[in-house]
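Working notes for the structure below.
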Amino acid sequence: MTDKTKDKNTPSVSPEQIAAYRSLYLEPGEVGARKGIFVPRELVDRLKKSVPLLDVEGLTIGVYVTRILLDHLKGNADILNLLMEKGKKKTLS
């Protein structure tokens, strides 16, 4: 597809954005000690199909999801801390 025929609904993603995403989320690794959590079956099914298509040797669903969640917690730490402080005050009142 040339730029002129490119689908307008196709998002524009730069090579730098792809590299940044790869370094954040698509590195193989270990989850460590595990504990199960409940997530919708549809999410698990989607991840079972998607993660292998990323074609990263050693990348598991657990590692991928762990990296995403850790990044979310880190990126939203100020908001989460504020909300948890408010929750403590309500609990202790």
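Among the residues of segment 30-67, which ones are in contact (Cβ under 8 Å) with a residue 24 or more places away in the chain, at negative phi and open to solvent by less than 100 Å² (accessible area, probe 1.4 Å)? First the steps, then the outcome.
Let us first name the residues in segment 30-67 that are in contact (Cβ under 8 Å) with a residue 24 or more places away in the chain, namely 30-31, 34, 54, 56-60, 62-64, 66-67.
Narrowing further to those that are at negative phi: 30-31, 34, 54, 56-57, 59-60, 62-64, 66-67.
Residues satisfying the conditions are VAL31, LEU54, VAL56, LEU59, THR60, GLY62, VAL63, TYR64, THR66, ARG67.
Sub-7 Å Cβ pairs linking a first residue in segment 11-23 that is in contact (Cβ under 8 Å) with a residue 24 or more places away in the chain to a second residue that is open to solvent by less than 100 Å² (accessible area, probe 1.4 Å), at least 6 apart or interchain, number zero.
Residue by residue through segment 34-68, note down the ones that are part of a helix (DSSP H, G or I) and closer than 15 Å to ARG22 by Cα.
Applying the first criterion (part of a helix (DSSP H, G or I)) to segment 34-68 yields 41-53, 61-68.
Selection gives SER50, VAL51, PRO52, LEU53, ILE61, VAL63, TYR64, VAL65, THR66, ARG67, ILE68.
The values are calculated or read from the model by the stated rules, or taken from the named source; none is laboratory data. Every value quoted in this text rests on a predicted model; they were computed, and no experiment measured them. Don't worry about glycine lacking a Cβ; one is built from the backbone with ideal geometry, like all the others, and counts go over all protein chains shown. When the accessible area is computed, the model is the full protein with side chains, heavy atoms only, and any ligands, DNA or RNA have been set aside. Shrake-Rupley method; radii C 1.70, N 1.55, O 1.52, S 1.80 Å.
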